[in-house]
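Read through the structure below, which is laid out as structure tokens, and then see the notes.
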Amino acid sequence: MNDVSAPGQHAVNFETWMSGQNYTRFKTLEQFIIERQDSIPHSTGAFSRLIRDLSVAGKIVNRDMRRAGLVDIAGTTGEVNVQGEVQQKMDMLAHNEFVRALKRGGECCLIGSEEHAEAIPISTQSGDQDGQYIVLLDPLDGSSNIEVNVSVGTIFSIYRLPDDYGEPDLGAALQAGLNQIAAGYIVYGSSTMFVYTTGDGVNGFTLEPSIGEFLLSHPEIRTPKTARSYSINEGNYNSFEPGLREYIKWMQALEPHDGRPYSTRYIGSFVSDFHRNLLKGGIYIYPATEKNPDGKLRLMYEANPLAFIVEQAGGRASDGHQRILERTPEALHQRTPLYIGSEEMVLRAERFLAGKEVAG
Ligand code: P6P
């Protein structure tokens with residue numbers, strides 16, 4: 001019998017301690033989905049099953065991830081993906097896991113993935129495509145961090161197949177972010193969390209490994225309107241446009257009366273930086289640079305889904321000038337400059353970029 005005790009506390013046996021945790025006070029993701037489904041008129045349960053399918057794949061990726069140092073899944077495949085980036089073994093493992101789960105679930109008719117050049121039509125075993133949902137995803141963003149044990153994440157965006165569309169193809173997927181019916185991410189960090197929105201607020205679920213369930217740990221997440229930290233790779237400073245350099249100078253000014261200089265917090269893993277800023281406030285910026293003149297983040301399966309989430313939590317996301325969710329997509333893997341996080345911080349960045357504010 002394992003005994004657990006805090007220093008100076010009387011040791012209690014593990015079961016007694018666990019029963020005292022009374023996990024039943026937490027709602028599982030499945031219970032939460034079913035409750036929400038009941039509030040949607042004429043819902044068939046298909047969307048609920050789709051979210052469940054994504055969460056199951058996330059649990060499997062989480063399990064594999066935690067062994068990356070032990071099983072030959074860390075490091076690269078030796079291939080280069082459609083982005084021209086070195087492909088990590090875990091990238092393909094995660095991609096295959098999510099594709100398998102969505103195929104098996106039968107609710108998805110088309111997948112767009114960072115790890116696959118073309119959109120992937122999904123037909124059920126019977127050969128027909130009766131799934132009504134399109135899923136765009138970055139199976140494992142920041143995966144090069146895995147071998148150094150830095151947290152990474154999965155990002156997903158869900159659209160409905162337009163009515164009377166016919167054979168699902170890329171055209172069906174290239175919808176503006178405003179059309180998303182759901183978006184979310186899984187962050188594989190010190191704990192594993194499933195965070196998503198369907199346009200009715202943002203809710204976060206923490207994986208309890210001992211029971212294999214995502215439990216509602218962060219209901220109705222709201223992001224602070226401002227904060228004193230910013231996330232950007234300042235190594236690219238010399239290729240930033242002048243307004244952005246001015247904004248950074250403003251944040252670095254010695255002005256203790258309003259909390260400046262701000263702190264930089266940059267993990268190099270978008271989902272992790274985004275998640276911290278969502279909970280604590282802050283701004284993440286990946287602008288146009290010499291190496292990435294259109295920005296580095298992808299519009300369809302990174303910027304759009306997290307823009308949906310941040311707006312639902314009271315934040316803002318733009319390309320520095322235009323609201324991300326209003327951008328008209330042209331290609332599955334197109335990139336965009338991205339300013340995302342606390343509303344007042346993104347608005348100020350936009351004013352600096354437009355020359356309407358200067359560092360003084
Ligand atoms: P850089 C990971 O490759 C990623 O797409 C994001 O997760 C991360 O924020 C960014 O790139 C890091 O890019 O150029 O600063 O190394």
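Spin-label model, ARG260/GLU79: points 7 Å from Cα along the beta carbon direction are separated by 4.8 nm. Probing with 1.4 Å while keeping every protein chain in the model, the per residue accessible area of the chain equals 45 Å².
Using a Gaussian network model of the chain in which every pair of alpha carbons under 10 angstrom is joined by a spring, one finds that among PRO224, PRO287, PRO162 the greatest mean-square fluctuation is at PRO162. Remark: C-alpha extents of the chain on the principal axes read 67, 62, 47 Å, sorted largest to smallest.
Treating each Cα of the stretch 245-340 as one equal point scatterer and applying the Debye formula with no solvent, the log10 of I(q)/I(0) at q = 0.10, 0.13, 0.24 Å⁻¹ comes out as -0.28, -0.47, -1.34.
Extending 7 Å from Cα along the Cβ direction at ILE211 and again at ARG228 yields two label points whose distance is 4.0 nm. Given their separation in residues at 0.36 nm each and the Cα-Cα distance between them, GLN252 and ARG351 gain 34.0 nm when the chain is fully extended.
Rolling a 1.4 angstrom probe over the stretch 229-353 with all protein chains present gives an accessible area of which 44% lies on carbon and sulfur atoms.
Between LEU178 and SER43, residue separation times 0.36 nm minus the direct Cα-Cα distance comes to 46.5 nm. Among the trypsin sites (Lys or Arg not before Pro) within the stretch 260-328, those in coil by DSSP and having at most 14 neighbouring Cβ atoms inside 10 Å are LYS291.
More than 24 angstrom separation, counting every C-alpha pair in the stretch 25-218; what % is that? Distances greater than 24 Å cover 39 percent of the Cα pairs. For the cross-link pairs LYS249/LYS356; LYS296/LYS356; LYS280/LYS356; LYS59/LYS280, the ones whose C-alpha atoms lie over 19 Å apart are LYS296/LYS356; LYS280/LYS356; LYS59/LYS280. Rolled with a 1.4 Å probe across the full set of protein chains, the surface gives GLU343 an accessible area near 60 Å². Membrane-span-like helices of the chain, defined as complete DSSP H segments with a Cα extent of 27 Å or more along the helix axis and a mean Kyte hydropathy of at least -1.0, are identified as 46-65.
Sites listed here are chymotrypsin sites (Phe, Trp or Tyr not before Pro) in the stretch 146-179 whose DSSP assignment is loop and whose Cβ has at most 16 other Cβ atoms within 10 Å: TYR165.
The values are calculated or read from the model by the stated rules, or taken from the named source; none is laboratory data. Since this is a predicted model, take the numbers as computed values, not measurements. Here Cβ is always computed from backbone atoms with ideal geometry, including for glycine, and neighbour counts include all displayed protein chains. Calculation scope for accessible area: heavy atoms of the full protein, side chains included, ligands and nucleic acids excluded. Shrake-Rupley method; radii C 1.70, N 1.55, O 1.52, S 1.80 Å.
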